[in-house]
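J.: Below you'll find the structure I mean.
The values are calculated or read from the model by the stated rules, or taken from the named source; none is laboratory data. The model shown is predicted, which means the values in this text are computed figures rather than measured ones. Counting neighbours? That spans all protein chains shown, and the Cβs are built from the backbone with ideal geometry, glycine included.
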Amino acid sequence: MSVKHLNQGQLAERWGVSEATLERWRSEGIGPVFLKLQGRVAYRVEDIEAYETESLRKSTSERVNAGGAL
């Protein structure tokens with residue numbers, strides 16, 4: 001099984017946010033789970049997609065669960 005990963009820069013580009021925003025979100029426990037291997041941060045695509053799905057809303061009045069930053 002091949003697992004695809006994105007680095008911080010790739011995820012920042014995908015979501016249109018800065019890398020600093022992703023760093024802040026990680027420190028605050030916001031966003032998808034991530035791997036930290038030898039000082040490098042990586043996100044599994046399946047975790048990114050799951051987080052995006054959990055963040056879907058039909059209305060601006062819907063409440064966002066803790067950790068839902070998008």
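J.: From the residues in the range 20-40 that are loosely packed, with under 14 Cβ neighbours inside 10 Å and in contact with a helix residue (DSSP H, G or I) (Cβ under 8 Å, 6 or more places away or on another chain), which one is nearest to SER55 (Cα to Cα)?
T.: Among residues in the range 20-40 that are loosely packed, with under 14 Cβ neighbours inside 10 Å and in contact with a helix residue (DSSP H, G or I) (Cβ under 8 Å, 6 or more places away or on another chain), the one nearest to SER55 (Cα to Cα) is VAL33.
J.: If ILE30 satisfies every condition in (1) in contact (Cβ under 8 Å) with a residue 24 or more places away in the chain; (2) in contact with a strand residue (DSSP E or B) (Cβ under 9 Å, 6 or more places away or on another chain); (3) of a type in the set (A, V, I, L, M) but one, which is the exception?
T.: Exception for ILE30: condition (2).
J.: Taking the range 1-19 only, how many residues are exposed (fewer than 14 other Cβ atoms within 10 Å of the Cβ) and either among the small types (Gly, Ala, Ser) or assigned to a loop (DSSP other than H, G, I, E, B) (or both)?
T.: The number of residues fulfilling the criteria is 7.
J.: Can you run down the residue pairs with Cβ atoms below 7 Å, 6 or more apart or on separate chains, where the first is in the range 42-68 and within 15 Å of ILE30 (Cβ to Cβ) and the partner is aliphatic (A, V, I, L, M) and modelled with pLDDT under 90?
T.: Close Cβ pairs (under 7 Å, with a partner that is aliphatic (A, V, I, L, M) and modelled with pLDDT under 90) amount to GLU52/LEU70; SER55/LEU70.
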